[in-house]
Amino acid sequence: MAGALLETKFHLPISRRGVVTRSRLTEMLNRVRKPALTLVSAPAGFGKTTLLAQWLADSGAVPGKLVAWLSLDHRDNDPAVFWTYLITALHRTCNSIGAEALSLLQSPRPPMEAVLSSLINDLTPIANDVVLVLDDYHLIDAREVHEGTAFVLAHCPPQLHLVIAGRADPPLPLARMRSRGELVELRAADLRFTSGEAAAYLNDVMGLAVTDLDIQTLEGRTEGWIAALQLAALSMQGRDDVASFIAGFTGDDRYIVDYLAEEVLSRQPEKVRQFLMQTSVLERLSGPLCDAVTGRDGGQAMLTSLERGNLFLVPLDDQRRWFRYHQLFADVLQAHLLDEQPDGFPGLHRRASGWHERQGEVAEAVKHALAATDFERAADLIERAIPELSRQRQETAVRDWLQVIPDDVIGVRPVLIVGFAGALLSGGRLDGVEARLRDAERWLDRPRGISSGSGAPPADMVVADDEQFRHLPTMIELYRAALALALGDLTATVHHARKAIDLSAENHLGLASAAGLLGLASWTVGDLAAAHSAYTDCSDGLLRAGYVADTLGCAIALADIRVTQGRLGEAMRTLEHAMQRANTSGPVLPGTADMHVGLSALQCERNDLRAAKLHLSASKKLGESAGLPQNRYRWRVAMARVLEAEGDLNGALELLEEAERFYVGDFFPHVRPIPALRARLWIAQGNLTEALGWARARGLSAQDDLTYLREFEHITLATLLLVRRSADLNTRTDDEVTGFLERLRRAAEEGQRAGSVIEIAVLQALCHQAGGNSGAAITSLHHALDLAEPEGYIRVFTGHGSPMAAMLRATSGRGRHPEYVERLLAAMNSDSGDDVSGKSESVSKSLIGPLTDREMEVLRLLATDLNGPDISRRLFVSLNTVRTHTSSIYAKLGVNNRRSAVRRAMELELLSRTDDR
């Protein structure tokens, strides 16, 4: 839905004039401030929506409340649609709620746990009560939606109060909530009119003079069912024989409604009857829409008259431009329409479809075309809308619509066939994609139509969008390339992407898409020069095609590639230029915030933590006001890196946990996986058990074949092995760790990945130094410094603390990089707050990280005469645990035996002389 029609999804229904005040029920509803859920569950016609609207319209019901209302329908069974509407409803009440979650929902396969977690995080700091009403929840049957609703109820802050109204109990943990006092329930027995309420309605609201006896009779027959009372009141208007009328109907609820509705209809002028029946096909009504459907003018005046006559018409906005019929009444109207004008349904839906199409409301136009079983019209609408729907990432809607249209209609429309394949591919449904592409290709191989010239399609082919048809050969190859990439077939990816380029001619978007796929293939195998060249072409093509926002995604890829190549300056310029382009293109573009995230990571490596945090703050502010980062996990990873640099390892770990929930898989090669980042923090904490568990789970070993995709993991493993080597019982020899690092360095150099070479060379220097080979250590350190100085690397050195400081001091003043080395030592001095150029150096920036409290306990006992078993008994831990802690202590102090550890600890003033006894 779009435009004014969309507004009715979120708008609190307007209470109809003359509604009976039901204080006994509003008192029950006022308890909503305590429990998480209020359930209003009853069959149709019990006044659920009217009651809630009346309650919320009372300004004293919940003082200071924020109210969000969402009217549901069958289309909301798509989880992405449901949560988009729900979060939008909340966002409209308070713009600090849901901006990030809504942005996450724009991805083809949104991570629902991350979406809901973000929503809950936004709700937590809200000071006021937030009341969220979900009306007609019985229309939801999607298990994923119910699970998400249960998740929100289980984790929501106390100020959120969910009100669910429907005709059946939802599949939520109601029994558990009831037992905990977290549930308020209003059911049919509560909603039924009492005799007093029935009297107030019939005599005061409807102006009838019904006796107490007749009211009791009517209330008994209807059992307080509001819909029946309302229809009975309409039927009694103008009658002299009210008593005999009341005595005249019997039977169950359904028959009562049918009877009374017929009574109401039979008393209307023919013009009104026709209007009611013809417009009953509409879920929502406006004057112009009714004019289009009925073929007559005066629709707005008729709606106003019907509302004034209390004829089951519910206004949906304050201006009373949009209405809906009560569902029971609509059902009866449609039954009469089908009985009196069985051939009229398709025409009415077709006219409604045409009106929505003219308003630019494609979704409603398609819905009515499908309801009219006018599949040809629906196919035309969908085909013409595919480019814009794809730009808006609405492939799910395309897929759902096309699954309804018969195969014989789609089968003669090659544009639609390819669009269907693309919609399946975007949703990760790879089965059937190639078969559909072949179906479309067979049409392209057919002889061209003669009457329309050589470029026309075959005579029995249907094409609604000629421009899309001309580009079909390109699109087929692009989708084949994307399918191959998703299946891991890089050779086929390159083959089909190059064919798409050959076919694209002046199709800038096609050329850009093909170049992007080539870039992804090259990036995946580690050919970074080719990947950067292809992504540059992709960005240029997108810019020429007018897809400025998409060029920001290219900038992320280009910067990531340059970082791996060790070219931080170029990475920074790439992001700055992209941000400048975004800032001059009008409104803030989605993805602009990501430029700040990338710049933050670069500033962090250069040890400008203040600038790094400023960029992250700017990114967050942009996210709250406009488009959030395209990859939400990146912000958290960047902030975790800052916290790590500041020594807050626990805070960094928490952010990585959040980042993992927010990670959305895409075609980008995942070369820095979050579990590996987390393993590095565990190593920094001395938590080698967890780090070793990670390595085992990933199946990593020093004998692995080396690939670019696992390079980051293998460097992490090398760090872990280097730490473990310092333990007394380490089973790996020096040669194994040294050889592993050398293989890693050669592979990175062959791939021209200077960023990786710098990190590996630093580890090699530390490895040689720990093994007593100072000459080889200085050689490796000089190699790292040669590559790192021009680009301003800092953290890759300073993060290794005292052992690195010792080597840097050894080269200071007589090496090839005296000023750079002094800068590194000054940065380490700033980090630790101590003089790293002297003997009293803080261990807080040691090889891996600070000693934990438990490690300090072990260290103090190492300074005594206790042996390993004695220490384990003293601490009530296993001997293996003591050995693990001892291994970590040795690594962090840069030593390889117990005596050296105690001596080093005393130098660092971690132990006093009195501890050595």
How large is log10 of I(q)/I(0) for segment 316-377 at q = 0.16, 0.19, 0.25, 0.28 Å⁻¹ when the intensity is taken from the Debye formula with one equal scatterer per alpha-carbon? -0.64, -0.85, -1.07, -1.08
Rounded to 10°, Cα long-axis angle of helix 433-444 versus longest principal axis of the chain: 70 degrees
With an 8 Å Cα cut-off and a minimum separation of 6 or more residues, compute the relative contact order for segment 678-826 in percent. 14 percent
Compute the helix-to-body angle for 774-788: its Cα long axis versus the longest principal axis of the chain, expressed 0 to 90° and rounded to tens. 40 degrees
If every alpha-carbon in the chain counts as one equal scatterer, what log10 I(q)/I(0) does Debye give at q = 0.08 1/Å? -0.89
Assign unit charges at the C-beta atoms only (+1 for Lys and Arg, -1 for Asp and Glu), then state the dipole size of the chain relative to its Cα centre in Debye, rounded to the nearest 20. 2340 debye
Nearest-0.05 FRET efficiency for residue 810 and residue 109 at R0 = 60 Å, using Cβ-Cβ distance, is 0.70
Highest mean first, how do 279-289, 194-204 rank when packing is the count of other Cβ atoms within 10 Å averaged over residues? 279-289, 194-204
Taking R0 as 41 Å and r as the Cβ-Cβ distance between residue 867 and residue 151, the FRET efficiency 1/(1 + (r/R0)^6), rounded to the nearest 0.05, comes to 0.20
What's the whole-number percent of alpha carbon pairs in segment 154-202 lying beyond 18 angstrom? 47 percent
Using label points projected 7 Å from each Cα along Cα→Cβ, tell me how many nm separate residue 178 and residue 822, to one decimal. 7.9 nm
Rounded, prolate or oblate (a/c below 1.5 giving rounded, otherwise prolate when a/b exceeds b/c) for segment 101-143 by Cα gyration tensor: oblate
With the dipole of the chain worked out from charges on the C-beta (+1 for Lys and Arg, -1 for Asp and Glu) around the Cα centre, which of 722, 36, 191 lies farthest toward the positive end? 722
Would you mind computing, in nm to one decimal, how far apart the modelled labels at residue 319 and residue 339 are, each placed 7 Å from Cα along Cα→Cβ? 3.8 nm
Whole angstrom only: what separates the Cα centroid of segment 737-784 from the Cα centroid of segment 630-686? 25 Å
Can you give the charge dipole size of segment 647-724 about its Cα centre, rounded to the nearest 20 debye, using +1 on the beta carbon of Lys and Arg and -1 on the beta carbon of Asp and Glu? 220 debye
Nearest-ten-degree value, helix 212-222 long axis tilted from longest Cα axis of the chain: 50 degrees
Gain in span if fully extended, residue 211 to residue 703, counting 0.36 nm per residue against the direct Cα distance: 167.6 nm
Whole-Å distance linking the alpha carbon centroid of segment 357-397 with that of segment 54-123 is 25 Å
Protection proxy ranking, peptides 710-716, 634-640, average beta carbon neighbours within 10 Å, highest first: 634-640, 710-716
I'd like the FRET efficiency for residue 434 and residue 409, computed as 1/(1 + (r/R0)^6) with the beta carbon distance as r and R0 of 30 Å, rounded to 0.05. 0.90
So for the pair residue 95, residue 267, with labels modelled 7 Å out along Cα→Cβ, what separation do we get in nm? 5.0 nm
So what is the calculated 222 nm ellipticity per residue for the chain, using -39500 (n - 2.57) for each DSSP H run with n of 4 or more, over all residues, to the nearest 500 deg cm²/dmol? -19000 deg cm²/dmol
Given an 8 Å cut-off on Cα distances and at least 6 residues of separation, report the relative contact order of the chain as a percent. 7 percent
extent check for segment 360-514: Cα max minus min per principal axis, descending, whole Å, gives 46, 39, 26
Segment 459-475-segment 854-896 distance, computed between alpha-carbon centres (Å): 73 Å
Rank-order 884-895, 314-325, 680-691 by packing density, defined as the average count of other C-beta atoms within 10 Å over each peptide's residues, highest first. 884-895, 680-691, 314-325
Just to be sure I understand the curve: with the Debye formula and one point per C-alpha of segment 267-401, what is log10 I(q)/I(0) at q = 0.09, 0.15 Å⁻¹? -0.29, -0.75
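All of the numbers you see were taken from the coordinates with simple rules; none came from a lab. What you see is a predicted model; the values in this text were computed from it and never measured. Don't worry about glycine lacking a Cβ; one is built from the backbone with ideal geometry, like all the others, and counts go over all protein chains shown.
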